[in-house]
């Protein structure tokens, strides 16, 4: 039952029905994953180096530990 005294409101538009084009159709190609990863590594140099050295030390530790256990 509708209330005749209430003003009429325009129908709501969902976010997917907006007039803006999708990201991929702006004319410029999206950068590749490798390019984004390289840009991120350059911006966050300290974090990338820390993670690289932690990974290297961890891998060496695992390999040395396995070689010690299997000698």
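The values are calculated or read from the model by the stated rules, or taken from the named source; none is laboratory data. Note that this is a predicted model, so its numbers are computed, not measured.
Scan region 18-32 for residues that are more than 16 Å from the chain's Cα centre (by Cα) and modelled with pLDDT of 65 or more and the total you get is 4.
Each row is one residue, and each column tells you yes or no for (1) in a helix (DSSP H, G or I); (2) at pLDDT 90 or above; (3) more than 20 Å from the chain's Cα centre (by Cα).
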{"position": "12", "(1), (2), (3)": "no, no, yes"}
{"position": "16", "(1), (2), (3)": "yes, no, yes"}
{"position": "34", "(1), (2), (3)": "yes, yes, no"}
{"position": "50", "(1), (2), (3)": "yes, yes, yes"}
{"position": "54", "(1), (2), (3)": "yes, yes, yes"}
{"position": "71", "(1), (2), (3)": "no, no, yes"}
